[in-house]
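Derivation of every value follows stated rules applied to the coordinates shown; laboratory data play no part. In this text the structure is predicted, and so the values were computed from the model without any measurement. Here the Cβ positions follow ideal geometry from the backbone for every residue, glycine too, while neighbour counts run over all protein chains shown.
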Number of protein chains: 2
Amino acid sequence: MTSSELHVVVPAGGSGTRLWPLSRAGNPKFLHALTGTDRSLLQATFDRLTPLAPATNLLVVTGTAHAAGVARQLPDLPDRNILVEPFARDSCAAIALAAAVIERRNPGGVMASFAADHLITDTAEFAHTVAKAVEGARDGYLMTIGITPTRPETGYGYLRCSEIARRSVIQRVLEFKEKPSLEVATRYIESGNYLWNASMFVWRTDVFLAELAARRPDVADPISRIADAWGTDHQEDVLAELWPTVPKVAVEYAVMEPAAEEGKVATVPGDFGWSDIGDFETVVRLLGTDIGEGGRSFTSGPADARAVVVDGSDVIVVPAGGRLVATLGVRDLIVVDTADAVLVCDRDRAQDIKRLTEILRDRGDAEYL
Amino acid sequence: MTSSELHVVVPAGGSGTRLWPLSRAGNPKFLHALTGTDRSLLQATFDRLTPLAPATNLLVVTGTAHAAGVARQLPDLPDRNILVEPFARDSCAAIALAAAVIERRNPGGVMASFAADHLITDTAEFAHTVAKAVEGARDGYLMTIGITPTRPETGYGYLRCSEIARRSVIQRVLEFKEKPSLEVATRYIESGNYLWNASMFVWRTDVFLAELAARRPDVADPISRIADAWGTDHQEDVLAELWPTVPKVAVEYAVMEPAAEEGKVATVPGDFGWSDIGDFETVVRLLGTDIGEGGRSFTSGPADARAVVVDGSDVIVVPAGGRLVATLGVRDLIVVDTADAVLVCDRDRAQDIKRLTEILRDRGDAEYL
């Protein structure tokens, strides 16, 4: 039965502006070796997924700027499985396109979707959790894999579950929660009913597409026509006509939240050493090395990149430009060196790096973004 | 009368460690365009001196690592006027070697000596002051040109004069003073009797060499034998034999201070916009541009080097590596980018950059020095 085959989708978008200047629009974080090995985040994701599905069933949805990078980094991925969006239309469009293409290739197939830029340390437990979620998907649920939270993180959204979350036990998701305040996040953790939303989804493509069609025909209709034309000589014309009309909306907002209210969403709590490589603090906490005198560094660049901290305190150095980076007498700083740009940032301002990139764009420095 | 000709000596040594990583052992500050033009400090010094003496009378004393750089930057300087020391033996050896070589070329000539890494804005007044000092030298004094102080600087030595220092009026130097405390420096300035010692000397070579021979035969004797061999096919052998025996001593300590006690040293106060380009604070104060948001930058490198400061306060950026250097939310920092090294330094620790370079040497990073 082909319908029992698992298809895995990896939306590979977003430039990771909080990791600028390491991550760039043209060279985003998922193409970087932010994994503690020489594999990129995307490659590590691919490595983690190939035991779950054959390469013919793996799809990457990416943008025009990254199609070549994806193709080069994943030589075993068939060309037809790299879906290139003309421009970004948020997660609902990307996931719906993948679902519709898969549905046409394998009606009633099960599809799982995982971000390209997450780290997972326990791949066996991950595979086990996905298998459990596939069971729920076969039963007709829109499944998520929620991450068992380890701290009251304010940077993620949460899933409110119907009962105390237990590893590998399927339960209903009652509600999707936006990023909370620290106070609220602390309450979530204490209750035991909340999981981190890591945007990991598992469902039958026919179930998902029916939900989408019922709730958001403005997304479902053009995506359906685009999927019909996908791989034909009409693909480009149809994309040119319809893609610009697809609304920009997150899949959580368009489908999952309203479906959860109707009891159609369930989750498997996952506890497999998950991390979102979102900012330099995380990169250096997970992958960095203590270099003494108050310094911690992470190197992913040329071998002769070096960091030297003297009389420092809470200094993060990312020498990725093949140069020596030395700091003297400084504290609470992030210093990032790359081939063409250097960033020196107060640690308390790390979340504003995105704003800095906007300022650079306004000043005509878009070539560095 | 050839003895009336002026010879000018430029000791070009020292790597300028307080300007690391801009200034390097192999590419010291005097070879850098730290002048506000595309001329290096050495070239600007040469430009200032050529009106005072023909190129045949200009000598540069430098080290083995910089001979080629000096030769390339000063194409009009005859080869024989580049005196290359086997290794540095402090200022007395360098100046004595030049004096002895000049004395053999032009007995009783007048020699003036000026550092290669100072900036002077009023070159006409400088020439006028030198001419006045040459008068004193012809009268047999060991002349200095003292700089009329503009602030109670603790980073320079001082000259105590016999009377209130007045521009272009020759007066006795009673004493050479080491770098003072702020309190002492303030008293010096208030008294009006003190000038900054910028190691600018003017004297008859025969007078200087006689003083040296009387006070420091341990320097004078080997230097005399080396000068005898200079330009002959014995030069190298004699240097190999004698140069290592030359004591390392500053000319102030060896000759000028004791001579001053005997009333043989005089000075002409100079007021010609003099600056010692010693550290990044000075570079950026004199040559920098206000770039807004609390940032000030100085660029001497590739044209595409850029500095962007966002929400900064007292931030100095020296982008000399052809890269964009961006800071976000930082204060009181010096950020220097070069082709192979980046420095991020607290402004209060700028005087410790020399220490940082020593740490780098100890750690095996001498290639960056």
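Explain nothing, just the number: dipole magnitude of chain B about its Cα centre with +1 on each Lys and Arg Cβ and -1 on each Asp and Glu Cβ, in debye rounded to the nearest 20.
The calculated dipole for chain B is roughly 320 debye.
Around B:E85, what is the net charge, scoring Lys/Arg as +1 and Asp/Glu as -1 over all other residues with Cβ under 14 Å from its Cβ?
0
Restricting to chain B, compute how many DSSP beta bridges are antiparallel as a %, nearest 5.
45
Taking the label point 7 Å from Cα in the Cβ direction, how far apart in nm is A:E183 from each other copy of itself, listed shortest first?
With the label placed 7 Å along Cα→Cβ, A:E183 yields 5.4 nm.
What fraction of the DSSP beta bridges in the range A:280-368 is antiparallel, stated in percent and rounded to the nearest 5?
35
As I understand it, the value is the acute angle between the Cα axis of helix A:90-105 and the longest principal axis of the Cα atoms of chain A; what does it come to in degrees, rounded to 10?
Approximately 50 degrees, to the nearest ten.
Could you tell me which of B:I226, B:F114, B:G263 has its Cα farthest along the dipole of chain B towards the positive end, charges placed at Cβ (Lys, Arg +1; Asp, Glu -1), taken about the Cα centre?
Highest projection toward the positive end goes to B:G263.
Counting Lys and Arg as +1 and Asp and Glu as -1, each charge on the Cβ, what is the dipole of the range A:1-76 about the Cα centre in debye, to the nearest 20?
340
Based on the alpha-carbon gyration tensor of the protein assembly as shown and its eigenvalue square roots a ≥ b ≥ c, which shape applies: rounded if a/c is under 1.5, prolate if not and a/b is larger than b/c, or oblate?
prolate
Indicate the gyration tensor shape class of the range A:1-137 (rounded, prolate or oblate), computed on the Cα atoms with a ≥ b ≥ c the square roots of the eigenvalues: a/c under 1.5 is rounded; otherwise a/b larger than b/c is prolate and the rest oblate.
The shape class here is oblate.
Loop sites only, by DSSP: take the GluC sites (Glu not before Pro) in chain A that have at most 11 other C-beta atoms within 10 Å and name the longest stretch containing none of them.
Free of exposed loop sites, the longest segment is A:1-162.
For the protein assembly as shown, what proportion of DSSP beta bridges, expressed in % and rounded to the nearest 5, is antiparallel?
The antiparallel fraction comes to roughly 45 percent.
With the cut-off at 1.5 for a/c, could you classify chain A from its C-alpha gyration tensor as rounded, prolate or oblate?
Prolate.
Mean-square fluctuation check for chain A, GNM, Cα pairs under 10 Å: which of A:P269, A:P244, A:P75 is largest?
Among A:P269, A:P244, A:P75, the largest GNM mean-square fluctuation belongs to A:P75.
Sort out the exposed loop trypsin sites (Lys or Arg not before Pro) in chain A (DSSP loop, at most 15 other Cβ within 10 Å) and tell me the longest stretch that has none.
A:40-165
What number comes out for the charge environment of A:D139, summing +1 per Lys or Arg and -1 per Asp or Glu over other residues with Cβ under 12 Å away?
Net local charge, A:D139 excluded: +3.
So, in Å, what gap is there between the alpha-carbon centers of the range A:221-288 and the range B:164-203?
75
Rounding to the nearest 10 and keeping the result within 0 to 90°, find how far the Cα-based axis of helix A:182-191 lies from the longest principal axis of chain A.
Result, in degrees: 50.
Identify, among B:L22, B:P54, B:L324, the residue whose Cα sits farthest towards the positive end of the charge dipole of chain B, taking +1 on the Cβ of Lys and Arg and -1 on the Cβ of Asp and Glu, with the dipole about the Cα centre.
With unit charges placed on the Cβ atoms, the residue in question is B:P54.
Report, to the nearest 10°, how far helix B:205-215 tilts away from the longest principal axis of the Cα atoms in chain B, using its own Cα long axis and a range of 0 to 90°.
With rounding to tens, the tilt is 90 degrees.
Taking a label point 7 Å out from Cα toward Cβ, give me the nm distances from B:G140 to the same spot in the other copies, shortest first, one decimal.
11.9
At 7 angstrom along the Cα-to-beta-carbon line, where would the label on A:A213 sit relative to the other copies? Give the distances in nm, shortest first.
11.1
Hey, got the dipole for the range B:1-157? About the Cα centre, +1 on K and R Cβ, -1 on D and E Cβ, debye to the nearest 20?
In total the dipole reaches around 320 debye.
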